[in-house]
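> Quick one: the structure is below, questions incoming.
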Amino acid sequence: PPAKGRAAMPKSTSKLGGEIVGTGLFLFFIIFWSAITLGFDYFLIKASVQQIQALGHPTVNGTITSSEVEFDNDGEGTTYRPLIKYSYEVDRKQYEGNRYRYGQVGTSDHSAHRIVASHPVGKQVEVHHSPDDPADAVLHVGLEGIDLFMMMFMLPFNLIMLGMWLGALGYLRNRLIPPEAGGAGIINEGHYLRVQLSPSRPIYTGAAVAGGLAFAQTFIFGFGFGGNAPIPVMIVAWGIILVGGCIGFLYALRQLARGDSDLLIDDFKQTLTLPKKPDRHEEMILPPKKIVAFEVERKAKRDSDGDVQYRFLPTIVYTDNSGSQRREKLTEWSDETSAQALVEWLSERLQVKPALQASVDDNRNLEDA
């Protein structure tokens with residue numbers, strides 16, 4: 001008699017459940033990352049705006065009453081911050097202030113010691129105070145190198161945040177309104193179609209270059225200048241980031257326009273042309289009658305943490321001149337639905353019967369990423 005027990009869950013239901021869980025975890029991570037990043041952004045932007053606004057605040061004379069350096073050692077290094085107190089009078093009312101600048105953070109250079117040395121007890125100083133609240137006062141106004149450095153430090157985090165949100169929105173859009181050919185670019189150039197298979201986008205390439213330059217320069221200016229380089233130096237550093245990002249964008253745009261990785265469907269000659277690639281030194285031209293099928297292969301890779309990640313390979317199956325069947329990978333995408341949509345579009349466009357998805361054995365063919 002058949003064994004009693006719970007019926008196995010259909011594969012489609014199990015796959016859908018896994019996709020929902022994965023999407024939920026990814027969305028939670030995006031929200032968590034965004035909350036921390038935007039919190040730092042708010043602090044930096046608010047402090048910078050206050051520093052600029054203080055340039056136009058009224059000033060009065062004040063007297064330094066206390067001046068010392070505060071240090072903090074977190075085990076990875078020591079940072080220093082000036083602690084300066086001063087008294088001043090506005091409309092015959094005495095006030096005590098302790099803010100040297102808005103958003104004051106500790107630095108690893110000797111700027112805090114220089115500030116304290118230049119503000120000894122008893123020295124007369126100029127105090128900038130808010131016209132609406134005289135108790136809101138500051139000694140040093142305007143932007144410094146540390147402000148631009150902190151913005152540089154946060155740039156990679158902001159770019160990652162934007163990239164994740166764009167990826168999530170793109171995923172949702174593709175599920176609600178599936179794009180043609182799985183999102184591959186389709187360009188009509190008269191008697192033939194150009195199918196752009198490259199998953200990269202010029203704007204992402206430019207952002208990656210800019211983020212990489214910002215990340216590298218954070219170490220250079222963090223260790224070399226303690227995070228507080230002169231304003232002109234930081235302006236040059238930001239110029240390098242912006243110019244580098246633009247160059248990366250334009251280079252990727254040019255590569256995309258050249259079409260080195262594009263498929264060509266020639267309606268006049270009735271051929272499909274596969275582009276050159278490292279293991280295919282020349283273009284391959286196939287008539288539709290030699291095309292057996294288009295399939296999606298699944299490739300498993302293990303990342304640096306030991307987790308298994310999957311990539312999906314739209315693949316063409318064709319017969320060579322000897323009559324043997326061969327396989328050629330067209331591209332490699334991370335989204336299975338998009339890869340399957342591309343295969344179905346190619347099958348319909350070239351009137352080839354679509355094949356079932358071919359799956360690589362996840363255990364015997366596991367690769368390290």
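Throughout, read-outs are computed from the coordinates displayed, never taken from laboratory work. Quantities reported herein were computed from a predicted structural model and do not represent experimental measurements. All Cβ positions, even for glycine, are placed from backbone atoms using ideal geometry, and neighbour counts span all protein chains on display.
> With charges only on Cβ, +1 for K and R and -1 for D and E, what is the dipole size of the chain about its Cα centre, in debye, rounded to 20?
Dipole magnitude for the chain comes out near 1120 debye.
> Between 0 and 90 degrees, rounded to the nearest ten: what's the tilt of helix 336-349 against the longest Cα principal axis of the chain?
For helix 336-349, the angle is close to 40 degrees.
> Here's a follow-up. What's the extension gain from Arg201 to Asn73 if we count 0.36 nm per residue and subtract their Cα-Cα distance?
Separation in residues times 0.36 nm, less the Cα-Cα distance, equals 41.8 nm.
> If you don't mind, there's one more thing I want to ask. Between Thr273 and Asn321, how many nm apart are label points set 7 Å from Cα along the C-beta direction?
Once both label points are built, they end up 2.0 nm from each other.
> Alpha carbons only, please: Rg and Dmax for the stretch 58-140, in angstrom.
In Å, with Rg to one decimal and Dmax whole: 13.7, 47.
> For the stretch 137-244, state the semi-axes of the equivalent ellipsoid (square roots of 5 times the eigenvalues of the alpha-carbon gyration tensor), sorted largest first and rounded to whole angstrom.
41, 16, 11
> To test your reading of the geometry: what angle, between 0 and 90 degrees and rounded to tens, separates the Cα axis of helix 11-53 from the longest principal axis of the chain?
30 degrees
> Separate question: Using only alpha carbon pairs under 8 Å that are at least six residues apart, calculate the relative contact order of the stretch 58-140 and give it in whole percent. Intermediate results must be reported in sequence, preceding the final value.
Numbers: 175 pairs, mean separation 31.1, N = 83.
After rounding, I find 38 percent.
> Residue by residue through the stretch 127-139, which ³J(HN,Hα) values in whole Hz follow from phi under the Karplus form 6.51 cos²θ - 1.76 cosθ + 1.60 (θ = phi - 60°), with glycine and proline marked x?
My calculation for the stretch 127-139 gives 10, 9, 10, 5, x, 8, 9, x, 6, 8, 10, 8, 8 Hz in order.
> Considering only Gly103, Ser66, His113, whose Cα is most displaced toward the positive end of the charge dipole of the chain, charges sitting on Cβ of Lys, Arg (+1) and Asp, Glu (-1)?
Working it through, the farthest residue towards the positive pole turns out to be Gly103.
> Calculate, axis by axis, the spread of Cα positions in the chain along the three principal axes, and write the results as whole Å, longest axis first.
The principal-axis extents, from largest down, are 97, 63, 37 Å.
> A further question on this structure: Once you keep just the Cα pairs under 8 angstrom separated by 6 or more residues, what percentage relative contact order results for the chain? Don't skip to the answer; put the middle values down first.
Numbers: 597 pairs, mean separation 45.8, N = 369.
Contact order relative to length: 12 percent.
> Can you give the calculated 222 nm mean residue ellipticity of the chain, where each DSSP H run of n ≥ 4 adds -39,500 (n - 2.57) and the sum is split over every residue, rounded to the nearest 500 deg cm²/dmol? Don't skip to the end; give the middle numbers.
Numbers: 6 runs with 148 residues, N = 369.
Computed mean residue ellipticity for the chain: -14000 deg cm²/dmol.
> Quick check: the angle from helix 231-258's long axis to the longest principal axis of the chain, C-alpha only, nearest 10 degrees?
10 degrees
> Mind putting a number on the dipole of the stretch 58-140 about its Cα centre? Charges go on the C-beta only, +1 for Lys and Arg and -1 for Asp and Glu, and I need it in Debye to the nearest 20.
My answer is approximately 320 debye.
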